[in-house]
Amino acid sequence: MRVLGAVVALLASGLALLLSGRNPIGLGIDALDAVFGSRRGIEGTALRALPILMTALGVALALRIKVWNIGSDGQFLMGAFAAVGVGIHLSGPGWFVLIVMALAATLAGAVWILVPALARAYWDVNEIITTLLLNFVAVQLVTWAALGFWRDTGAAVIQSTEQVPVVLASLPGTQSLTIALLVPIAIAAALAWVFRSSKWGYEVDIVGGNPKAGVFAGINVRRRILVVMLISGSIAGLGGMLQLSAPGAQALSSGFSAQFGLAGFIVAALAGGSFRGVIVAGFFIASMFFAGLVLQTKGLSVFIIFAIYGVILTGIAIGEVAARYRLVRTDVAPPRPGGVPA
Amino acid sequence: MMLALIDNAFLSLIASAIPASTVVVLAATGCLLGERVGVLNMGQEGLIGIGAVYSVIAVTSWNVTSPWTAMLIGMVAAAVAGFVFAIAVVVVRASQVLVGLALALGGVGLSNQLGTNRNGTPITTLFREVDPGGAFQTGGVVEAFFFHDPVVYIAYVALPALLWFVMFRTRHGMNMRAVGENPAAADAAGVSVMGSRLVYCVLGAAISGAGGAYMVLSFTPTWSPDIARGRGWVALAVVIFAVWKPFWVVAGALLYGSMISLDATAQARGWSLPFLGGSDLGFFLSMLPFLATLVAILVPAAAAQLGLRSRSTAAPAALAVPYSREER
């Protein structure tokens, strides 16, 4: 139903484009051609899928315990920030630097969600706005790094930090992809296993379904919320490092994240907490994103893509209602013979 | 001498904070209106964008010559968006979080698209400052508080006063709050839950849209992409800080605004700190409004933890909970 809602939303967006004097079918064909018509298109989609998948996995994990992590964009940026900090200052063998970068990014993502997580777990402060506000702080901090304290003074034109000298190995048989793409797939598989087979995952699902039931079952609900949120942030943070350690993306600039966190949020909402679903939905949203980039040359702007994201998200929300919709027969006491209701 | 310097800096901070926070005051007031009847509209960012872009379109393409008319057009556009939102969450009962985020994303995307050809066009149809007359032109306090355009007075004084009166001193207001606290009871008492949720959701969206209109018709005054720049999210936070009370919204928004103008004031006066000289200070200060807002959200919760706050000041009990008469 969520998927149906998204599809209906896409069709509605096409109709809106038609009404504004564009040819949605032509654009759709162009989009499909851009994405699947060439090797570059498929690789371009997979390249965009990496950050979207990582943020989406973090959001999806938090959704299992009914926490909305809308700050995955900030956690992603802080992961990249920490990775750059390590990468340009630490010297050593490449594999060693990469491992330290990954650890630093994972930690940075967790640190970035620490205050919202503590506030949510122990003070019952709504996490939606606290996580989101930190996105803006992260953007400013990254801008500061790129234009200020880690600025690459050698490059006069591009305003970014210095480049990290190490990159991940490339994925065999591809030109622009690295082994980083395997990480979200591995994490999705691991999370799917945790929630299918482990006690911890089962308890998280109980808390997500009904926190009171969790308390009665003797689960430390607050600690579960804290830990889940920290892991959620760290996955997004690791995503920032993976994005940074691809050839050609080794420096941090203020435009490092093209709202990947928001795209990831939509993916998680579409997948509805299913980790396998995240992978499928992630590639779908990434293909839309890539098609949007290509279609910019055809007069379609990236802004329209965001507007369409909004329509899709509405479609998902309405689809969820439709999925829950049941006719429930409630027994009404039959009227008494005398005709006087009890 | 030192005192005079501090005094002046503080006054100029307040003077520039007032217009800078007006957008947040309006958006947060619109938001509060919806939340009091139990509807959380997280699409404030989108509503500000829509209100702003339609005001810009009104003055640049539709030859509107009065800023009031332009603002009204922006408000109507935002109200339409708010109506779509209200249908989805009140009538269809879709998740308020998801649809709210959709409105934030979609509204920003749509307004950026509509404003593409108007980037940087200076707006000349502007609100004029109210001049209190020559006798008051002594600078200092008077200048800080009495040289603003009429929208400022409406947003800071008239609107909160009206809301406070209606919400806490009339029967209608009591019904309204009942819908936000216990819709089933309100329904049983004969109050139309769906009706009041729809009406206040749309009205709230219009007020948020007025915030966007104010940005382009007085504050910036020009269109640029992503015009709200997080102010919509700050507005949502301000409502929490204000524990759903109209005049506390003003205080919360001013806190944010003074952080914004701290940046500008520091730049204008060439301030520096031992560790953060020159441009670094600017970068640091640009993070401050959002950090301050984050701290502000934690204040009511911290007060509750310390036992300083009574339970009656908590969020409306039915906030973001869809109401269905059949399921009560």
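The values are calculated or read from the model by the stated rules, or taken from the named source; none is laboratory data. For clarity, every value in this text was computed on a predicted model and none was experimentally measured. Cβ placement follows ideal geometry from the backbone for every residue including glycine, while neighbour counts extend to all protein chains displayed.
None of A:Leu114, A:Leu107 is part of a helix (DSSP H, G or I) and either within 14 Å of chain B (Cβ to nearest Cβ) or buried (at least 24 other Cβ atoms within 10 Å of the Cβ) (or both) except A:Leu114.
Within region A:236-256, the set of residues being outside any helix (DSSP H, G or I) and either in contact with a strand residue (DSSP E or B) (Cβ under 7 Å, 6 or more places away or on another chain) or modelled with pLDDT of 80 or more (or both) comprises A:Ser245, A:Ala246, A:Pro247, A:Ala251, A:Leu252, A:Ser253, A:Phe256.
Scanning region A:259-274 for residues that are in contact with a Leu (Cβ under 9 Å, 6 or more places away or on another chain), of a type in the set (A, V, I, L, M, F, W, C) and within 12 Å of another protein chain (Cβ to nearest Cβ) yields A:Leu262, A:Phe265, A:Ile266, A:Ala268, A:Ala269, A:Leu270. When restricted to residues that are modelled with pLDDT under 85 and under 15 Å from A:Pro51 (Cα atoms), region A:263-284 contains 0. Take the conditions (1) assigned to a helix (DSSP H, G or I); (2) crowded, with 22+ Cβ neighbours inside 10 Å; (3) not basic (Lys, Arg); A:Trp144 misses just one of them, which is (2). When region B:90-117 is limited to residues that are more than 10 Å from chain A (Cβ to nearest Cβ) and modelled with pLDDT of 85 or more, the one that is surrounded by the fewest Cβ atoms within 10 Å (Cβ to Cβ) turns out to be B:Val91. Selection within region A:140-155: residues that are of a type in the set (A, V, I, L, M) and over 30 Å from A:Trp68 (Cβ atoms). The member of this set that is nearest to the other protein chains (Cβ to nearest Cβ) is A:Leu147. The lone criterion from (1) surrounded by 19 or more Cβ atoms within 10 Å (Cβ to Cβ); (2) closer than 30 Å to B:Met259 by Cβ; (3) at pLDDT 90 or above left unmet by B:Ile227 is number (3).
From the list A:Ala281, A:Ala213, A:Ala268, A:Ala263, the lone residue that is more than 25 Å from A:Leu98 (Cβ to Cβ), among the small types (Gly, Ala, Ser), over 13 Å from the mean Cα position of the chain (by Cα) and outside any loop (DSSP other than H, G, I, E, B) is A:Ala213.
Among all residues of region B:225-233, there is at least one that is among the hydrophobic types (A, V, I, L, M, F, W, C) and not in a helix (DSSP H, G or I). All conditions in (1) closer than 23 Å to B:Phe85 by Cα; (2) under 19 Å from the mean Cα position of the chain (by Cα); (3) at pLDDT below 95 hold for B:Tyr156, with the sole exception of (1). One residue stands out in region A:120-139 among those that are in a helix (DSSP H, G or I) and surrounded by fewer than 20 Cβ atoms within 10 Å (Cβ to Cβ): the one that is farthest from the other protein chains (Cβ to nearest Cβ), namely A:Tyr122.
Checking each residue of region A:89-99 against the condition of being under 16 Å from the mean Cα position of the chain (by Cα) and modelled with pLDDT under 95 gives no match. Only residues that are among the β-branched types (Val, Ile, Thr), buried (at least 23 other Cβ atoms within 10 Å of the Cβ) and within 14 Å of chain A (Cβ to nearest Cβ) were counted in region B:53-89, giving 2.
Mind listing just one residue for me: the one in region A:294-307 that is at the interface with chain B (Cβ under 9 Å from one of its Cβ atoms) and either touching a Leu at 6+ places or on another chain (Cβ under 7 Å) or surrounded by fewer than 19 Cβ atoms within 10 Å (Cβ to Cβ) (or both) and, of those, modelled with the highest pLDDT? So, considering only residues that are at the interface with chain B (Cβ under 9 Å from one of its Cβ atoms) and either touching a Leu at 6+ places or on another chain (Cβ under 7 Å) or surrounded by fewer than 19 Cβ atoms within 10 Å (Cβ to Cβ) (or both), the one modelled with the highest pLDDT is A:Ala307.
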